[in-house]
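K.L.:
Dumping the structure here so I can ask a few things about it.
The values are calculated or read from the model by the stated rules, or taken from the named source; none is laboratory data. Because the structure is predicted, anything quoted here is derived from the model rather than measured. Virtual Cβ from ideal backbone geometry, glycine too; neighbours counted across all protein chains shown. All accessible areas refer to the heavy atoms of the entire protein, side chains included, with ligands and DNA or RNA removed. Shrake-Rupley method; radii C 1.70, N 1.55, O 1.52, S 1.80 Å.
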Amino acid sequence: MPAMKTSPAARHTLDQLPCFSSFEPNGLVQRLETLLDSHRRRIAAITLSPQAASWTTVVEPMQAMADEVQRLFGPAAHLHGVADVDALREPYSAGVALLSGHASEIAQHPGLHACYQHIRTSAEYERYTQAQRKVVDNALRDFRLGGADLPPAEQAHVKALKIELTQLGTRFSNHVLDATQAFRLDVDDEQRLVGLPASVQELARQNAAASGRAGWTLTLDFPCYQPAISHLDDRELRRELYTAYVTRASEQGPLAGRHDNGEIMRSILAARHDLALTLGFANYAELSLATKMAPSTTAVVEFLRELAREARPAAVHELAELEEFSTGTLGLGGIEAWDFAWCAEKYRKQRFALSQEDLKPYFPVNRVLEGLFEVVRRLFGVRCERLADIDTWDPEVGFHAIVDENDEALGFFYLDLFARKRKRPGAWMDECLVRWRHDDELRLPVAYLTCNFTPAVAGQPSLLTHDEVRTLFHEFGHGLHHMLTRVDHPAVAGINGVPWDAVELPSQMLENWCWQRDALDLISAHHATGAPLPDTLHSRLAASQRFHAALQMLRQIELALFDFRLHLEYEPELDIQALLDAVREEVAVVHPPPWNRFQHTFAHIFAGGYAAGYYSYKWAEVLAADAYARFEESGVFDRDTGQDFRRTVLENGGAEDAMTLFEHFRGREPSVTALLRQAGLRA
């Protein structure tokens, strides 16, 4: 295979990569303050004559300043998620507050606002590319959402609220991490671990050894917790783990009151509502939709409730089947919350003669990666090439180029796959560098791709569940959206400028290939023998694709409706738990115990970007299922269809309206039919 050409763009990009091994949190705040002070002086200079404002005199300098901030503080933000240390927490939190305040200054700057207004009405604007016009239009929208039109006192209030919200979000996230890692369940009797996969038993043994004790230690880190709650036959152990997991960062459970997020949640909601009112919206849900595809709050609620109506009858049937199995076959008196995943796994095993553990030997991580890269090559005409001698934050982290048919690099990505201490749970894609053509030089995009898979243990390679394979494909879909962009302006390149309820389209669509036989042959092989996934296992896997699909859909709708109503119906006396209970009463068929405090760790909406936007997963899932239906019609590896998706969606990023791009690819508006068919709710 030809090697990547070291083009000027590639060299320029690699020269700008962060140096993690020498990153020093001490002095970070001072360096950031100095940089922001210099930006204030530069902004004062470029806004002296708004009537002379142009792309060259205003927009390009603003892009350059935003990039300088990202390159200084971006590594700290990334390390906060993947290698958090006490020495970083205080400067990171202080830096976030500084940046929030500075962002408000920019959004409220009268001179800048006047400059962009002049540019928008100038003759020059009409000669701009679509991407340039989108940059200007989005900036004017953000001035409005930042309070540029408000009186000075209200502007100051908006700025203070945004700083407060960034600090509260950081505290919420820290509490979740600390609560997760504060709990340990030591086990001395190996018989109590019956049912737990051998690889997880070994992980638990290593956990214990790391603390200087014999036996096994179970933790709430997901690679340990998820298989334990799904496979441990010891019901009491499952109860202890479940109780600890769903009461993290709350006033309930074994660590009651430690790292409690209750007051933080109430403060976040109050500040968001205050912010929305100050900016002229009726509630934070309305403010959230100002930058999304969904046309109104009513449309979102109706969308979720319509999906719930479609899914509920099937979910009731799925639950009844599981309850019958648990009583008749497993002999349980009733399914408790800590039994649900265990019973479901047992039922899956009986119904399809299949479990996640049956599949794991066929998904060694290196084979999955090779297959993923080949799937992407066949679909979009690009290949992935690992590069050596790139500085990272952990020895297990890899660095890859994504290369086109002419061996030219299009972008790069860090790959951080495994769970470890001081790493935030979950999986995500984030930006390291954004594509940018500046001063006659092209800088290519660089992504962070992060997962939390079980590392190799006891001489065995890291083996993935099929769910984890889907997670990897999902995050890589986000990465492709970032890396394959052809837009040269950072504000709308890659995922930037893409409405939040459309940004999941590439990621959710790519998951579909995890079920296809032709793709499975690429991503699977037995780790010891190299044997392909047997036809029997594949047929069972295919049959299980819709297993509990309605229950899973209702769970996502429950979370989305809770999030949206929380921000739509907020009032100072709002009881968060009571609202969640009401949503569950409306749409859910599975009800957790009253002491369950899931919301205390719902970082997506309290510490991430999904506030009044969690519905985006289902909204984008409609787009993704409908887009994939075109591949089903033409062939799942049809190159023309893949290239069309690359040209219309992946390459354009946020430079054009998301609905317009979808319609260019699909030839029509999206339809919910494909999603309902995928879930088995429509023929």
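K.L.:
Given (1) open to solvent by less than 40 Å² (accessible area, probe 1.4 Å); (2) in a loop (DSSP other than H, G, I, E, B), where does R486 come up short, assuming only one miss?
P.N.:
Every listed condition holds for R486 apart from (1).
K.L.:
Restricting attention to region 226-273, which residues are within 23 Å of T454 (Cα to Cα), open to solvent by 40 Å² or more (accessible area, probe 1.4 Å) and assigned to a loop (DSSP other than H, G, I, E, B)?
P.N.:
If the condition is that a residue be within 23 Å of T454 (Cα to Cα), open to solvent by 40 Å² or more (accessible area, probe 1.4 Å) and assigned to a loop (DSSP other than H, G, I, E, B), then D233 is the only one that fits.
K.L.:
So A627 fits all but one of (1) open to solvent by 10 Å² or more (accessible area, probe 1.4 Å); (2) under 19 Å from A519 (Cβ atoms); what number is the exception?
P.N.:
The single condition A627 does not satisfy is (1).
K.L.:
Starting from region 171-187, keep only residues that are in contact (Cβ under 8 Å) with a residue 24 or more places away in the chain, then list their pairs with residues that are part of a helix (DSSP H, G or I) and of a type in the set (S, T, Y) whose Cβ atoms are within a distance under 6 Å, requiring at least 6 positions of separation or different chains.
P.N.:
Close Cβ pairs satisfying both conditions: V176/T601.
K.L.:
Which condition does A148 not pass, out of (1) open to solvent by 50 Å² or more (accessible area, probe 1.4 Å); (2) among the small types (G, A, S); (3) not in a helix (DSSP H, G or I), if it passes all the others?
P.N.:
Unmet for A148, out of (1) open to solvent by 50 Å² or more (accessible area, probe 1.4 Å); (2) among the small types (G, A, S); (3) not in a helix (DSSP H, G or I): (1).
K.L.:
Taking into account only those residues within region 575-591 that are open to solvent by 40 Å² or more (accessible area, probe 1.4 Å) and in contact (Cβ under 8 Å) with a residue 40 or more places away in the chain, which is farthest from A276 (Cα to Cα)?
P.N.:
Within region 575-591, the match that is farthest from A276 (Cα to Cα) is V590.
K.L.:
Answer yes or no as to whether G608 is modelled with pLDDT under 95 and surrounded by fewer than 19 Cβ atoms within 10 Å (Cβ to Cβ).
P.N.:
Numbers: modelled with pLDDT under 95: yes; surrounded by fewer than 19 Cβ atoms within 10 Å (Cβ to Cβ): yes.
When the stated conditions are applied, G608 passes them.
K.L.:
Any idea which of A447, A491 is part of a helix (DSSP H, G or I), at pLDDT 95 or above and farther than 30 Å from V672 by Cβ?
P.N.:
After applying the criteria, what remains is A491.
K.L.:
Residues in region 173-225 that are assigned to a loop (DSSP other than H, G, I, E, B), of a type in the set (G, A, S) and either open to solvent by 70 Å² or more (accessible area, probe 1.4 Å) or in contact with a helix residue (DSSP H, G or I) (Cβ under 6 Å, 6 or more places away or on another chain) (or both): how many?
P.N.:
Residues that pass the stated criteria total 4.
K.L.:
Would you tally the residues in region 18-34 being open to solvent by 30 Å² or more (accessible area, probe 1.4 Å) and not small (G, A, S)?
P.N.:
8
K.L.:
Look through E656, E669 and report the one residue that is open to solvent by 20 Å² or more (accessible area, probe 1.4 Å), in contact with a helix residue (DSSP H, G or I) (Cβ under 8 Å, 6 or more places away or on another chain), of a type in the set (D, E) and touching a residue at least 60 places away in the same chain (Cβ under 8 Å).
P.N.:
Only one candidate passes the filter, namely E656.
K.L.:
Please specify each residue of region 520-557 satisfying the condition of being buried (at least 19 other Cβ atoms within 10 Å of the Cβ) and farther than 25 Å from K346 by Cα.
P.N.:
L522, I523, I557
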